[in-house]
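The values are calculated or read from the model by the stated rules, or taken from the named source; none is laboratory data. Everything numeric here is computed off the predicted structure, so don't read it as measured data. Positions of Cβ are backbone-derived with ideal geometry, glycine not excepted, and every protein chain shown enters the neighbour counts. For the accessible areas, the whole protein counts, side chains as well, though only heavy atoms, and no ligand, DNA or RNA atoms are used. Shrake-Rupley method; radii C 1.70, N 1.55, O 1.52, S 1.80 Å.
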Amino acid sequence: MKFNFNNKGDLVKPKDEHLILGSYIKKEGLRKTPQREIILNTFLEIEDHVDVESLYNLVKQKDPSISFITIYRTLKLLCECNLAKELKLERAITKYEHKYNHIHHDHLICVQCGKVVEFCNEEIEKIQEQIALENKFSTQSHFLKINGLCELCKK
């Protein structure tokens, strides 16, 4: 294990996300690269939905040598090891959001301006669980997306 130290010389423990990605990469026989670490760190700094191009623009500020395809492939890796979730929200653009240590939520999407509102509702979750139970269905995941118009676009 590689040890990291902050500028005061104190030992810095790796975040769970880094351990999860490192373990997954090792299990799959892939290499742990500095580029993947930069992409993961940049992704973790964003607490919003992000598309590949937006993440690419942020990563390029930290390391201009990282290619678009490297970011795309790393996002796929983050999804495979359950650190990220791929979403098709609006206008056929694929976006990514944090999955690890984040509560399940659903989305309201404005079809005119693309605004995304996240919401949690226990009643909806209970109804979905009940429907699955009634149909002897074992749910592994679900995604609720409600399309409509936001308050500004309705005016």
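Over the chain, calculate the relative contact order: mean separation of alpha carbon pairs under 8 Å at least 6 apart, over the residue count, as a percent.
Details: 157 pairs, mean separation 24.7, N = 155.
16 percent.
Compute the convex hull volume of the Cα atoms of the chain, divide it by the residue count, and report the result per residue in Å³ as a whole number.
Details: hull volume 27.2 nm³, N = 155.
Taking the convex hull of the Cα positions in the chain, it is 176 Å³ per residue.
Loop by DSSP (not H, G, I, E, B), at most 12 other beta-carbon atoms within 10 Å: where is the longest site-free stretch of the chain for chymotrypsin sites (Phe, Trp or Tyr not before Pro)? List each step's numbers first, then the result.
Working: sites that count: Phe3, Phe137, Phe143.
The longest uninterrupted stretch comes out as 4-136.
Could you check which residue among Asn41, Asn82, Asn101 shows the biggest mean-square fluctuation in a GNM of the chain with a 10 Å Cα cutoff?
So, out of Asn41, Asn82, Asn101, the one fluctuating most is Asn101.
Give me the extension gain from Glu118 to Phe143: residue separation times 0.36 nm, minus the current Cα-Cα distance, reported in nm with one decimal. Before the final figure, lay out the partial values.
Details: separation 25, 0.36 × 25 = 9.00 nm, distance 1.17 nm.
Extending this stretch completely gives an extra 7.8 nm.
With springs only between Cα atoms under 10 Å, which of His142, His102, His49 fluctuates most in a Gaussian network model of the chain?
Residue with maximal mean-square fluctuation among His142, His102, His49: His142.
Would you please name the trypsin sites (Lys or Arg not before Pro) within the range 53-106 that are DSSP coil residues with at most 16 other C-beta atoms within 10 Å of their C-beta?
Working: sites: Lys60, Lys62, Arg73, Lys76, Lys85, Lys88, Arg91, Lys95, Lys99; in loops: Arg91, Lys99.
Within the range 53-106, the qualifying trypsin sites (Lys or Arg not before Pro) (loop, at most 16 other Cβ atoms within 10 Å) are Arg91, Lys99.
Between Leu19 and Asp48, what FRET efficiency follows from the Cβ-Cβ distance if R0 is 25 Å, with the result rounded to 0.05?
Values: r = 24 Å, r/R0 = 0.96.
For R0 = 25 Å, the calculated efficiency reads 0.55.
As a test, work out the antiparallel percent of DSSP beta bridges whose residues both lie in the chain, rounded to the nearest 5. Present the calculation step by step, with values, prior to reporting the outcome.
Details: 12 of 16 bridges.
Of the beta bridges lying entirely in the chain, close to 75 percent run antiparallel.
Pull out the extension gain between Lys155 and Asn82, defined as 0.36 nm times the separation in residues minus the alpha carbon to alpha carbon distance; nm, one decimal. Working shown, then result.
On the way: separation 73, 0.36 × 73 = 26.28 nm, distance 3.94 nm.
Taking 0.36 nm per residue and subtracting the Cα distance, the gain is 22.3 nm.
At a 1.4 Å probe, what is the % contribution of carbon and sulfur to the accessible area of the range 29-155?
On the way: 4380 of 8340 Å².
For the range 29-155, the apolar C and S fraction of the accessible surface comes to 53 percent.
Per-residue ellipticity at 222 nm for the chain, helices alone: DSSP H runs ≥ 4 residues times -39500 (n - 2.57), over residue total, nearest 500 deg cm²/dmol? Spell out each step's value before the answer.
Numbers: 6 runs with 65 residues, N = 155.
Here the helix-only value at 222 nm equals -12500 deg cm²/dmol.
List the GluC sites (Glu not before Pro) within the range 14-59 that DSSP assigns to loop and that have no more than 14 neighbouring Cβ atoms inside 10 Å.
Glu28, Glu47
Give the total of Lys-Lys pairs in the range 33-103 with Cα-Cα distances below 22 Å; include a pair only if its members are 8 or more places apart or on different chains.
11
Could you identify which residue out of Ile124, Ile109, Ile39 has the top mean-square fluctuation in a GNM of the chain using Cα springs shorter than 10 Å?
Ile124
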